[in-house]
C-alpha cells in the first residue's frame, strides 16, 4: 500500500530550499508514495513540479507569521479526516507551515533544517525575532532532519536539540546536464580563467568579503573574469564596491537566471565565500558540470567535498573539465529518504 505524505512549503520561488524540494519531488518513487504539497503561492519553479504531485493552496493573513508560535498553533485548523503517514515542514522558517505540519493528522511529523541557525541568529535581526517567537516548536516534531553535519552541530548548539538524521540535498545531475545544453547569448574568453558565483546577493553569501580577495588576485593575474549570477538587495552596494576596487573590467554582473547551468558550464571555477551555508547545493551542481570549487575552509563542514582553499587562489590554472554524475552521493540520499518516509 502506498504511503501518504504531506509536505508544507510557502512557495516555489527561486532559492536553494525550493530547488532542493523540486529535486526531491522529481526523485520520489510515485509507485510507493502519494504526495500532497501545501503552498501559499506558486513561485517561479512551480512549473517544474512533477505531474504526480497533488498541490493544495492555503490562504492565511500575512500577519500570522509575526504571531508567537503557541498562538498560531491554536489558530491554524487542519482537516483531520485526511490521514498521512508522514507530514513534513520542509523549510522550517515559516511558523504557519510548522503549525500546519504539527496540527495535521499524521503518524510522524518531520521538520527539515537547511541552514546554520547559530550564525543566522547571531547575524540576522529578523531571524532572531522570528526564532524567538517560535523556538518552542522544534521539540514537538517527531523527527528533525539536517542537511549537513555543520547544520546539525549548529542547530544543537542553539536549541539543545539533536537532528537524528543528516540527509543532504539530492542533486539531479541528469537534469543539470540537459539544462546546460540550452543555447544562451553568453560567451567567455577561453584563454582566460573564468570564475563564477551563483546565488542571492545577500549578506550571507559574503561577496563583500570576496571582492577584496579578487583585488589581491588581480595584482599578479590580469587574464581572468568573475561572473556573478544572481540578484538581491545588495546588488547596488556590491556594484559600487566593484567600482571602488577598480574591478569593473574583471567582474560582470549577469543577473538572476531561471536556468543558470549554461552559464556555469562555460566557466572553470565556482567561488563560494559565504559567511555560512546550509549545504551549498550550488557547489555540487557546479561539480556535476566539471567545475572545480574554490571556498574557505570554514565551509567544509557543510559540504565535505574536494575543494581548493580560497587562500590558494593565486595558484589556480586552466584544466580539462570532466562531468560528475554524483552517483554514490545521490544513491545514499535516496536510501535515507526512503527510510525516513517508510519507517
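Within the range 249-262, the only residue that satisfies the criterion of being over 26 Å from the mean Cα position of the chain (by Cα) and surrounded by 11 or more Cβ atoms within 10 Å (Cβ to Cβ) is 250.
Return yes or no: is residue 294 touching a strand residue (DSSP E or B) at 6+ places or on another chain (Cβ under 8 Å), within 18 Å of residue 207 (Cα to Cα) and in the same structural domain as residue 228 (by TED's automatic domain parsing)? In short, yes.
Yes or no, residue by residue, for (1) at pLDDT 95 or above; (2) out of contact with any helix residue (DSSP H, G or I) (no Cβ under 7 Å at 6 or more places or on another chain); (3) over 25 Å from residue 18 (Cα atoms); (4) outside the structural domain of residue 93 (by TED's automatic domain parsing):
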position: 280; (1), (2), (3), (4): no, no, no, yes
position: 290; (1), (2), (3), (4): yes, yes, no, yes
position: 301; (1), (2), (3), (4): no, no, no, yes
position: 305; (1), (2), (3), (4): no, no, no, yes
position: 309; (1), (2), (3), (4): yes, no, yes, yes
position: 313; (1), (2), (3), (4): no, no, yes, yes
position: 316; (1), (2), (3), (4): no, yes, yes, yes
position: 321; (1), (2), (3), (4): no, yes, yes, yes
position: 333; (1), (2), (3), (4): no, yes, no, no
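Residues in the range 12-23 that are touching a residue at least 60 places away in the same chain (Cβ under 8 Å) and in contact with a strand residue (DSSP E or B) (Cβ under 9 Å, 6 or more places away or on another chain) were compared, and the one that is nearest to residue 204 (Cα to Cα) is 17.
Within the range 183-193, is even one residue under 24 Å from the mean Cα position of the chain (by Cα) and either buried (at least 21 other Cβ atoms within 10 Å of the Cβ) or part of a loop (DSSP other than H, G, I, E, B) (or both)? No; the residues of the range 183-193 include none that is under 24 Å from the mean Cα position of the chain (by Cα) and either buried (at least 21 other Cβ atoms within 10 Å of the Cβ) or part of a loop (DSSP other than H, G, I, E, B) (or both). Among the residues of the range 39-53, which ones are in a loop (DSSP other than H, G, I, E, B) and either touching a helix residue (DSSP H, G or I) at 6+ places or on another chain (Cβ under 7 Å) or not assigned by TED's automatic domain parsing to the domain that holds residue 28 (or both)? Residues satisfying the conditions are 43, 45, 49, 50, 53. Of the strands (runs of 3 or more DSSP E) lying entirely inside the range 54-173, those containing at least 3 residues that are surrounded by fewer than 22 Cβ atoms within 10 Å (Cβ to Cβ) are 54-57, 83-89, 105-113.
Please go through the range 1-27 and give me each residue that is more than 19 Å from residue 168 (Cβ to Cβ) and buried (at least 19 other Cβ atoms within 10 Å of the Cβ), ordered by number.
Once the filter is applied, which keeps residues that are more than 19 Å from residue 168 (Cβ to Cβ) and buried (at least 19 other Cβ atoms within 10 Å of the Cβ), the range 1-27 yields 5, 6, 8, 10, 12.
Filtered by the rule that a residue be part of a loop (DSSP other than H, G, I, E, B) and more than 20 Å from residue 150 (Cα to Cα), the range 194-204 gives 200, 201, 202.
Among the residues of the range 28-53, those that are over 26 Å from residue 259 (Cβ atoms) and surrounded by 15 or more Cβ atoms within 10 Å (Cβ to Cβ) comprise 33, 34, 36, 38.
Here's the yes/no breakdown for (1) in contact with a strand residue (DSSP E or B) (Cβ under 6 Å, 6 or more places away or on another chain); (2) under 30 Å from residue 34 (Cβ atoms); (3) surrounded by fewer than 14 Cβ atoms within 10 Å (Cβ to Cβ):
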residue: 299; (1), (2), (3): no, no, no
residue: 315; (1), (2), (3): no, no, yes
residue: 321; (1), (2), (3): no, no, yes
residue: 336; (1), (2), (3): no, yes, no
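The values are calculated or read from the model by the stated rules, or taken from the named source; none is laboratory data. This is a predicted model, so every value here is computed, not measured. Note that each Cβ is placed from the backbone with ideal geometry, even for glycine, and that neighbours are counted across all protein chains shown.
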